[in-house]
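Remarks on the structure that follows.
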Amino acid sequence: MSLLAIGAAQVIPNEVPLDIAAHLQRALAAIHPEVSKFTFPLFAADERGKPDLYASSVLVTVDGVAILLTAAHAVHEITRTGSDVYLGAKTIAPIKTRFVRTSEAGQDELDLAATIVPEEFLRFEAMHTLPQSRFCLQPYSTPPHIRCIHGYPLTKNKTRKRANVSTSVFTKYGLTYAGASNDVVDDYALYGKHDSKHVALRYQRQSRNEIGELIMPPHPKGISGGGLWSIPDSFNPQTLFLDGIAIEFHDKSLVFATRIEHVVAFVHQSVFPALLRHSS
């Protein structure tokens, strides 16, 4: 189902037919700054100490603990350079806590990585955490009006254009890609996925940038580890829920994410035992 076809039969209360394209553009303009609050770019530092963007991440709260979520393959690509994982928020800062992964290089079906973010780091970087109440842990009775992914594509976040090395500030450029909300994949197994563990999105050839402009989206490389979000009601677009963590992109604008219930289970079963025990 095309995003631009959603709600085509709806009318507003005064019986004037709804302009679907304009309505969805307004919804996307409201969605973009909301998901941006919780989404952060991840970097490696090159041999000169300059940041090189690799992936995206989402900051959430699980059982009252701040957890940074991303893709395992993204952490692997950063650490294999010999660099720490750096996060871009108010400044570009190294993450000193260890990432726990579902597999070393993300070769498993979940492809998740997570770490605990200390309170002092959150305060200094002025970071917002997504509360657990905004996780999509129950199946929808009807498909959400909109799904989207948000993150930081490499082609729009070149270091030479966006990094001020002297101040450790990176002017990040995030994009929100929105699209079809259901029935986008007939056979998950063709992609090595399962609909009980993954959710798919086929996004449209339009996206919102950091200043709200509607643009043709660049290649999504760099958005791995960002969130896949569900918006149940496009008339209330700021009420949105985290549906999963983006892990894989395919041709024809297809993205897969690991469902949030498996993310939470990973945090409970692997991240907390490894990191809370280590810190105690």
> Restricting to segment 92-102, what's the tally of residues that are of a type in the set (D, E, K, R) and either assigned to a loop (DSSP other than H, G, I, E, B) or surrounded by fewer than 19 Cβ atoms within 10 Å (Cβ to Cβ) (or both)?
Replying inline: 2
>> Taking the condition of being surrounded by fewer than 22 Cβ atoms within 10 Å (Cβ to Cβ) and within 17 Å of F38 (Cα to Cα), how many residues in segment 232-280 meet it?
In response: 4
> Within segment 74-86, is there a residue that is touching a residue at least 60 places away in the same chain (Cβ under 8 Å) and either surrounded by 14 or more Cβ atoms within 10 Å (Cβ to Cβ) or more than 14 Å from the chain's Cα centre (by Cα) (or both)?
Replying inline: yes
>> Checking A66 against (1) among the small types (G, A, S); (2) buried (at least 23 other Cβ atoms within 10 Å of the Cβ); (3) not in a helix (DSSP H, G or I), only one condition comes out false. Which one?
In response: (2)
> A89 versus (1) exposed (fewer than 15 other Cβ atoms within 10 Å of the Cβ); (2) modelled with pLDDT under 95: which is the lone unmet condition?
Replying inline: (1)
>> Condition first: in contact with a Ser or Thr (Cβ under 8 Å, 6 or more places away or on another chain) and part of a helix (DSSP H, G or I). Now tell me which residues in segment 213-270 satisfy that.
In response: F266, S270
>> Looking at segment 248-280 only, could you name the residues that are aromatic (F, W, Y) and either outside the structural domain of L59 (by TED's automatic domain parsing) or closer than 17 Å to S103 by Cβ (or both)?
In response: F249, F256, F266
> Within segment 258-270, which residues are touching a strand residue (DSSP E or B) at 6+ places or on another chain (Cβ under 9 Å) and closer than 15 Å to D108 by Cβ?
Replying inline: T258, R259, H262, V263, F266, S270
> For A105, are the conditions met, namely being assigned to a strand (DSSP E or B) and either under 18 Å from the mean Cα position of the chain (by Cα) or not charged (D, E, K, R) (or both)?
Replying inline: no
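The values are calculated or read from the model by the stated rules, or taken from the named source; none is laboratory data. The shown structure was predicted, so the numbers you read here are calculated from the model rather than taken from an experiment. Cβ coordinates were reconstructed from backbone atoms using ideal geometry, including for glycine residues, and neighbour counts include every protein chain displayed.
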